[in-house]
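Contents: one structure, followed by commentary.
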Amino acid sequence: MSIWRVLLSIFFPPLAVIDKGCGSILIVFLLTLCGWIPGVIAALVILNNPNR
């Protein structure tokens, strides 16, 4: 996980997971709409997952 992805996930979480698939983008987008912190946490978890 690069520093640019971490910064992008802090400022605009859905854009950080754009290459992880449509489901990830949708989940992070919905969580970001509910609140900024859940969206950031979800983006960081998805980016930190070694299986994807």
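Here are some notes:
- Computed over the chain, the percent of Cα pairs more than 15 Å apart is 32.
- Carbon plus sulfur fraction of accessible area for the chain, probe 1.4 Å, in percent: 75 percent
- Excluding ligands, DNA and RNA, the accessible surface per residue across the chain is 68 Å² with a 1.4 Å probe.
- Computed over the chain, the per-residue total of -39500 (n - 2.57) for DSSP H runs of n ≥ 4 gives a 222 nm mean residue ellipticity of -22000 deg cm²/dmol, rounded to 500.
The values are calculated or read from the model by the stated rules, or taken from the named source; none is laboratory data. The structure presented is a predicted model; accordingly, all values stated were derived computationally and were not measured. Please note that ligands, DNA and RNA were not included when accessible areas were found on the heavy atoms of the full protein model with its side chains. Shrake-Rupley method; radii C 1.70, N 1.55, O 1.52, S 1.80 Å.
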